[in-house]
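Working notes for the structure below.
The values are calculated or read from the model by the stated rules, or taken from the named source; none is laboratory data. All values derive from a computational prediction rather than experimental measurement. Reconstructed Cβ throughout: ideal geometry from the backbone, glycine too, with neighbour counts over all protein chains shown. Surface accessibility is based on the protein's heavy atoms, side chains included, excluding ligands, DNA and RNA. Shrake-Rupley method; radii C 1.70, N 1.55, O 1.52, S 1.80 Å.
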Amino acid sequence: MSIKTNLLQIQSSLPSHVTLVAVSKTKPIPDLMEAYNVGQRIFGENKIQEMTEKWEQMPKDIQWHMIGHVQTNKVKFMAEYVSLIHGVDSLKLLEEINKQAAKHNRVIDCLLQMYIAEEESKFGLDENELEEILHFVQNYKNGMQNIRIVGLMGMATFTDNQNQIKKEFQHLKSIFDKYQSLNTEHCQLNTISMGMSGDYQLAIDCGSTMVRIGSSIFGGR
């Protein structure tokens with residue numbers, strides 16, 4: 001099936017409160033434009049250099065989401081245009097995003113990545129680290145003017161065990177619910193990003209408001 005057909009099917013299946021991030025990493029610009037031409041405006045990339053090249057060449061009403069692991073020394077290359085950074089997993093990274101956003105007089109939205117999987121290879125914060133970051137952002141009045149924490153992100157274990165995936169998604173949702181009442185200028189948790197091509201329906205059932213779908217739209221890599 002074509003990208004257009006795949007995308008329209010997925011778009012029509014999603015509840016209105018769920019945001020679709022089309023994961024376009026490694027895919028050529030003509031593929032992205034095919035998705036753009038049927039209304040997709042949010043694309044997710046995992047390499048900053050590739051995302052920047054696409055941003056330079058593609059329409060400027062696109063929102064670019066950085067969904068991969070971010071090294072602090074690379075933040076400056078996307079600070080001018082990135083809409084949302086999904087994988088913020090340390091205070092050091094958050095401070096660098098704040099610093100680089102300030103240079104462009106921007107406020108960059110961020111999701112804090114929680115470690116919910118039973119895999120050593122995954123990145124993310126535990127609940128104590130989350131608490132520390134949220135406390136810092138809320139109480140450090142002068143320093144964090146150029147970031148806004150808008151939610152949490154998590155990746156489930158790569159397994160066929162649906163019960164395990166469901167348990168991990170529910171765990172993230174319970175953490176999200178616990179902190180959702182926070183409401184300051186630079187910390188308003190309204191997005192929970194979990195679910196990819198293989199498990200996004202389950203993620204939505206567990207409370208996800210943002211799904212990252214690549215291969216089901218663009219085909220395998």
Partner lysines whose C-alpha sits under 29 Å from that of Lys74, ignoring same-chain residues fewer than 8 away, are Lys25, Lys27, Lys47, Lys54, Lys60, Lys92, Lys99, Lys103, Lys122, Lys141
With +1 at each Lys and Arg Cβ and -1 at each Asp and Glu Cβ, the charge dipole magnitude of segment 1-109 around its Cα centre, to the nearest 20 debye, comes out at 100 debye
With a Förster distance of 22 angstrom and the Cβ-Cβ distance between His104 and Asn139, calculated FRET efficiency to the nearest 0.05 equals 0.30
Taking only protein heavy atoms and a 1.4 Å probe, the highest-to-lowest accessible-area order of His135, His86 is His135, His86
For Lys178, counting only lysines whose alpha-carbon sits under 22 Å away and dropping same-chain residues fewer than eight positions off, the answer is Lys166, Lys167
Taking GluC sites (Glu not before Pro) in a DSSP loop with at most 15 other Cβ atoms within 10 angstrom as exposed, one finds the longest site-free stretch of the chain at 1-79
With the 8 Å Cα cutoff and a minimum separation of six or more residues, the chain has a relative contact order in percent of 20 percent
Relative contact order as a percentage, segment 94-221, C-alpha pairs under 8 Å and 6+ apart, gives 23 percent
Glu80 neighbourhood, Cβ < 12 Å, K/R = +1, D/E = -1, net charge +3
Expressed per residue, the solvent accessible area of segment 1-156 in Å² (1.4 Å probe) is about 47 Å²
Taking placed amide H atoms and a strict 5 Å upper bound, the residues 5 or more places from Cys187 or on another chain that come that close are Ile149
